[in-house]
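Reviewing the structure listed below.
The values are calculated or read from the model by the stated rules, or taken from the named source; none is laboratory data. Keep in mind the model is a prediction, meaning the values are calculated, not measured. Glycine gets a Cβ as well: all are built from the backbone with ideal geometry, and neighbour counts include every protein chain shown. Please note that ligands, DNA and RNA were not included when accessible areas were found on the heavy atoms of the full protein model with its side chains. Shrake-Rupley method; radii C 1.70, N 1.55, O 1.52, S 1.80 Å.
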Amino acid sequence: MARKQGLLHSLVHHATEVQTPAAKIYVYEAPVRIWHWLNAICIVLLCVTGYLIGKPLPSVPGEASFNYAFGYVRMIHFGAGQVLAVAFLYRIAWAFLGNHHAHQIFLPPVWSLTWWGEVWHEVRWYLFLEKTPKKYVGHNPLAQLAMFGLFLLPLLLSIFTGFALYAEGAGIDSAWYSAFGWVFGLLGDSFSVHTIHRISMWVIVCFTVIHIYVAIREDIMSRQSLVSTMISGWRYFKDDKE
Amino acid sequence: MSSPETFYDVFRQQGISRRSFNKFCALTAASLGLSPAFAPKIAHAMETRRRTPVIWLNGLECTCCSESFIRSGHPLVSDVVLSMLSLDYSHVLMAAAGHQAEAALEETRRDHAGEYILAVEGNPPLNEDGMFCIVGGRPFIDQLQEMAAGAKAIVAWGSCASNGCVQAARPNPTQATPIHKVIKGKPIIKVPGCPPIAEVMTGVLTYMLTFDRLPPLDRLGRPTMFYGQRIHDKCYRRPHFDAGQFAEAWDDENSRKGYCLYKMGCRGPTTYNACSTVRWNDGVSFPIQSGHGCIGCSEENFWDNGPFYDRLADVHTPLGVESNADKMGLGALGVIGAGIAAHAAASALQRARASATNPKSGSGE
Ligand code: HEM
Ligand code: HEM
Ligand code: SF4
């Protein structure tokens with residue numbers, strides 16, 4: 001038991017506050033960065049085309065046989081969905097292969113009181129109740145929580161419901177349906193699964209809007225670099241510059 | 001009633017000619033999606049197999065399943081299938097009434113225990129000890145459980161029996177409950193629809209009676225030969241869907257041109273049924289062909305997934321406010337947008353104040 005706890009502890013990333021100042025640290029390895037931007041592109045495509053699948057654009061004129069407007073919208077959606085899913089598998093693999101920060105968003109230590117204390121500190125920082133932000137090598141605890149709850153879980157839901165709907169299109173005797181048909185057993189009829197898929201899109205949209213705002217704001221206001229970190233991988237600490 | 005005769009004997013007694021009988025076998029093979037080679041097999045089974053009694057119970061329902069069934073498009077098929085059923089007990093069709101009828105039911109249960117097929121139209125309401133549906137002086141749930149215990153297999157007719165239908169819609173005051181949730185340990189075959197297509201009903205029964213086994217079922221227990229595809233997969237308006245040509249209003253030009261009814265709320269993409277292939281009234285038409293979108297009547301929760309004329313279903317939030325996915329999403333986004341604007345303004349203000357008091361530190365401390 002004790003060994004198991006030790007193993008778990010070493011696996012789980014307690015968002016480490018930096019004690020010893022170092023000017024810059026290599027945080028996000030190339031696979032994480034590539035995934036981040038590929039994932040971001042897919043999500044934008046999926047949200048736009050997904051929205052249009054539920055609320056199609058005005059009809060196109062002409063013969064049906066010369067047009068494929070809605071077909072293309074759906075094709076882009078399914079293509080981006082497949083890329084997103086493969087990229088996500090790759091990101092999961094990297095959580096095991098990569099550095100200490102690579103599994104941070106997968107395992108927030110929700111059972112640790114100190115961690116919740118730090119989440120609370122971040123909340124107070126965003127509410128202007130805390131004068132000094134803490135410095136983190138990886139994500140700050142609040143970001144870690146949001147990335148897990150508002151991004152990772154809805155993304156998983158989107159992927160599973162998305163592939164279940166895709167399997168219906170492929171037919172109930174397809175391999176897709178054998179792999180994902182169980183989703184309907186869990187979540188109900190096809191129409192309800194559409195509704196859930198759409199709601200989870202909105203959760204991801206909300207996350208993305210907040211995420212981009214906070215990334216830019218923190219880049220300006222906090223004691224560390226952010227946007228450039230997700231591009232170059234290096235985290236700079238501004239007050240250690242001199 | 002004890003019936004040693006075969007199905008074929010019964011048909012002959014009913015005055016059905018050999019020629020008509022052979023035609024029926026060929027038609028049935030075709031409607032079940034079997035190869036023509038199966039027609040003689042069906043004939044052989046009908047000639048040699050002892051007639052299986054079918055008991056038809058009616059619970060909480062509107063009788064649309066019975067009405068559909070007796071209007072089976074092909075009169076020959078309905079004649080034959082009707083003569084297959086032992087109509088000792090069927091609220092709609094039986095000659096007997098009152099105690100006499102209940103006694104006949106009891107007799108079949110006793111004499112054919114383990115042999116009969118139980119066809120159930122409607123479902124039992126469980127609230128108030130089942131008092132919302134009384135049959136023969138007792139709650140329907142009692143009759144159902146008693147008859148199910150001796151049945152070889154159960155056919156759940158229509159959406160009521162298969163998934164609850166309208167009477168199980170939110171908030172379901174009578175607690176109407178589909179058959180598979182109250183009867184365990186018996187093979188149940190679901191034939192959903194409000195009502196199901198007549199040819200589908202007769203087809204399913206014929207399959208069970210001739211082959212003495214259940215047809216292949218999907219993961220929900222529906223026969224795949226009729227419920228294996230969505231309306232949308234075989235809809236003749238599908239090319240307009242892919243082209244992006246939709247009716248935008250019931251009376252617009254696109255609607256007249258026969259464009260896809262998706263934007264008018266058509267549930268074809270999420271509904272498994274045979275309407276777009278078998279069609280209704282002897283293959284005359286089906287809702288989409290008549291210019292109205294599919295309402296998804298054979299799907300679970302179809303009533304709660306309304307409104308029928310919108311692609312997005314109402315979502316019932318815990319606060320009791322009805323909304324839909326887009327209203328909720330855009331609402332949340334609005335709140336977040338306002339929050340971000342306020343937060344950004346406050347951040348800028350704080351920064352300005354900080355650099356005014358302490359011009360040396362520029363990084364928001
Ligand atoms: C971030 C991820 C995703 C988002 C935001 C998203 C968004 C959406 C939205 C909003 C819809 C329209 C739902 C409706 O109103 O009926 C939709 C439909 C659909 N999505 Fe996704 N989706 C995502 C991922 C996926 C994935 C991974 C797949 C799998 C290939 C997928 C496959 C589908 C399918 C098959 C449909 C139904 C298309 C139709 O009915 O014509 N989605 N998606
Ligand atoms: C669809 C859009 C996006 C999604 C879903 C998304 C999602 C994520 C996720 C899940 C992470 C955690 C990465 C990990 O640890 O593996 C992350 C980190 C990050 N993202 Fe995004 N992102 C999106 C767009 C953007 C954009 C447009 C920017 C730039 C303005 C951005 C800036 C960042 C930064 C700076 C980090 C690192 C945060 C830190 O160092 O703590 N993201 N993002
Ligand atoms: S009318 Fe309905 S079933 Fe037919 S193609 Fe359009 S959405 Fe699909």
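Below are the figures for this structure:
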item	result
Farthest toward positive dipole pole in region A:118-242 [+1 Lys/Arg, -1 Asp/Glu at C-beta], among A:153, A:227, A:163	A:227
Length-normalised contact order of chain B in % [C-alpha pairs under 8 Å, at least 6 apart]	13 percent
Computed magnitude of the charge dipole of chain B (debye, nearest 20; Cβ of K, R +1, Cβ of D, E -1)	1160 debye
Gain in span if fully extended, residue B:281 to residue B:91, counting 0.36 nm per residue against the direct Cα distance	66.0 nm
Linear extension gain, residue A:127 paired with residue A:25, 0.36 nm per residue minus alpha-carbon span	33.9 nm
Solvent-accessible surface (1.4 angstrom probe) belonging to residue B:110, in square angstrom, nearest 10	150 Å²
Only Lys, Arg (+1) and Asp, Glu (-1) charged, at Cβ; region B:137-217 dipole about Cα centre in debye	240 debye
Using a Förster distance of 41 Å, the FRET efficiency for residue A:57-residue B:344 (Cβ separation, nearest 0.05)	0.80
Peptides A:81-93, B:255-267 ordered by average Cβ neighbours within 10 Å, highest first	B:255-267, A:81-93
Cysteines without a disulfide-compatible neighbour (Cβ-Cβ under 4.7 Å), chain B	B:25, B:62, B:64, B:65, B:133, B:235, B:260, B:266, B:275, B:294
Long-range HN-HN contacts of residue B:246 with modeled amide H, under 5 Å	A:59, A:60
Prolate/oblate/rounded label for region B:51-227 (Cα gyration tensor, a/c 1.5)	rounded
Computed magnitude of the charge dipole of region B:154-272 (debye, nearest 20; Cβ of K, R +1, Cβ of D, E -1)	460 debye
Protection proxy ranking of B:268-279, A:106-117, A:197-208 - average other beta-carbon atoms within 10 Å, highest first	B:268-279, A:197-208, A:106-117
Test item: B:326-338 mean partner chain Cβ contacts at 10 Å	3
Cα→Cβ-extended label distance, 7 Å offset, between residue B:182 and residue A:176, nm	3.9 nm
Percentage relative contact order, region B:224-365, counting C-alpha pairs under 8 Å, at least six apart	17 percent
10 Å Cβ neighbours from other chains, averaged over peptide A:50-60	5
Antiparallel bridge percentage (DSSP; both residues within region B:51-227; nearest 5)	25 percent
Segment residue B:128-residue B:19, extension gain: residue separation times 0.36 nm, minus the distance between their alpha carbons	33.9 nm
Average Cα contact separation per residue, chain A, under 8 Å, 6 or more apart, as relative contact order %	28 percent
Per-residue HN-Hα couplings for region B:25-42 [Karplus 6.51, -1.76, 1.60; θ = phi - 60°; Hz; x = Gly/Pro]	4, 5, 4, 5, 4, 5, 6, 8, x, 9, 6, x, 4, 7, 4, x, 5, 4
Sum of -39500 (n - 2.57) over DSSP H runs of 4+, divided by residues of chain B (222 nm, nearest 500)	-12000 deg cm²/dmol
Cα-projected label distance for residue A:41 with residue B:103, points at 7 Å along beta-carbon direction, nm	8.2 nm
Distance between modelled label sites at residue A:156 and residue A:234, nm, 7 Å Cα→Cβ extension	3.6 nm
Cβ neighbours within 10 Å from other chains - mean over A:217-230	2
